[in-house]
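For reference, the structure is listed below as structure tokens.
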Amino acid sequence: MKNWFKYITIMFAGAGLLTTSCEDSNTVVDQVVEGTERGAVLRTVNLISNEIPIGNDASNFAVEVEIQDEENGDLVGSVEVYLGFRDNTVEEGETDLDTQEVLVATIEPSSFETGPFGLPRFGYQITLPEMLAALPITNADVNGSDQFTIRFELVLTDGRRYSFADNTGTLTGSFFSSPFLYTATVVCPPKAPTAGTWTVEMQDAFGDGWQPTTADGGGPGLIVRLSDGTVYEIGLCTPYEDPGYSCTSGTSAGTATFDVPAGLTEPAEFDFQGDFWGEISFQIITPNGNLVADVPAGTDAGLITIDFCKD
């Protein structure tokens with residue numbers, strides 16, 4: 001088995017971690033440790049990466065966690081890591097490719113490092129190729145919105161185990177954030193837009209068109225920049241002034257189109273100039289008729305994310 005112990009922090013802490021008096025305490029830590037009957041708790045410290053871009057072999061799941069028990073780590077004999085796959089994109093007539101969990105790593109105390117509190121730590125990371133190698137699926141089976149599941153199970157020295165099924169509301173709350181089970185979602189990375197005619201459906205709740213978004217000028221509602229240097233400025237006409245760009249007739253609603261030529265190899269940039277008055281909404285639709293962006297009123301200025309899984 002490859003060494004996948006990369007960058008998780010596991011911290012064992014019991015009474016020694018807490019600087020409290022000998023008096024009875026009502027802290028969350030005390031309640032959890034008391035309720036686990038000399039068990040152990042897994043707590044998320046930092047979820048480093050949980051998105052898997054399709055086809056990107058460098059993509060990975062990585063998380064930083066810590067374990068707390070009554071004996072400063074002596075209760076934990078190992079940590080097991082289980083991997084599964086959820087097929088969320090099953091089309092009619094296709095086979096559901098959900099998989100059973102498989103054990104992909106067993107992390108021994110010898111892999112721990114000493115953290116800043118003098119407690120053991122270690123890291124875990126698993127890449128897309130490693131996940132595919134462990135499961136009965138291939139790259140071709142993986143689509144946007146599918147998910148890999150990563151579950152940790154604590155194995156105590158007396159044989160007891162703690163994992164997702166043992167969670168309570170206290171363990172999953174804001175302090176402990178102890179899910180034991182994580183999901184890494186498959187996403188579609190940016191790509192060159194589909195050639196053909198794209199559509200932008202625009203709405204203005206007030207009905208005065210898409211005006212400049214700042215007092216000193218601003219610009220049209222949406223600027224589309226193609227990688228070949230073509231720039232489209234898209235907005236609704238206003239009856240009050242010349243907006244300074246070619247606008248689409250109408251003030252309350254309108255439809256604009258723009259053409260994407262064949263042969264582009266780089267993503268386009270969709271730059272929204274901002275909804276200063278909280279009135280503008282719009283949708284972006286591909287030549288295939290797929291809705292890839294639904295931008296609500298009140299959206300701040302910035303680049304619009306296009307869902308290329310639906311392109």
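Numbers at a glance
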read-out	value
Condition check for I284: open to solvent by less than 30 Å² (accessible area, probe 1.4 Å), touching a Phe, Trp or Tyr at 6+ places or on another chain (Cβ under 9 Å) and in a loop (DSSP other than H, G, I, E, B)	no
Failed criterion for G218 (all others in (1) open to solvent by 10 Å² or more (accessible area, probe 1.4 Å); (2) within 30 Å of L132 (Cα to Cα); (3) modelled with pLDDT under 90 hold)	(2)
The stretch 118-129, subset surrounded by 13 or more Cβ atoms within 10 Å (Cβ to Cβ) and assigned to a loop (DSSP other than H, G, I, E, B), residue modelled with the highest pLDDT	G123
Residue match in the stretch 233-249 (condition: of a type in the set (D, E, K, R) and either open to solvent by less than 30 Å² (accessible area, probe 1.4 Å) or at pLDDT 90 or above (or both))	no
Evaluation of L132 against (1) modelled with pLDDT of 90 or more; (2) buried (at least 18 other Cβ atoms within 10 Å of the Cβ) (one fails), failing number	(2)
Any chance P267 is in contact with a Pro (Cβ under 8 Å, 6 or more places away or on another chain), closer than 21 Å to R225 by Cβ and either of a type in the set (D, E) or open to solvent by 30 Å² or more (accessible area, probe 1.4 Å) (or both)	yes
Looking only at the stretch 287-311, and only at residues there that are more than 25 Å from G209 (Cβ to Cβ) and assigned to a loop (DSSP other than H, G, I, E, B), the one that is modelled with the lowest pLDDT	D311
Cβ pairs under 9 Å, 6+ apart, first in the stretch 135-153 and part of a loop (DSSP other than H, G, I, E, B) and modelled with pLDDT under 90, second open to solvent by 40 Å² or more (accessible area, probe 1.4 Å) and acidic (D, E)	G144/D307
Among residues of the stretch 33-75, those that are open to solvent by 10 Å² or more (accessible area, probe 1.4 Å), at pLDDT 80 or above, among the β-branched types (V, I, T) and in contact with a helix residue (DSSP H, G or I) (Cβ under 9 Å, 6 or more places away or on another chain), counted	1
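The values are calculated or read from the model by the stated rules, or taken from the named source; none is laboratory data. Source: prediction; values computed, not measured. For neighbour counting, all protein chains shown are included, and Cβ atoms are generated from backbone atoms with ideal geometry for every residue, glycine included. Accessible surface areas use protein heavy atoms only, side chains included; no ligands, DNA or RNA. Shrake-Rupley method; radii C 1.70, N 1.55, O 1.52, S 1.80 Å.
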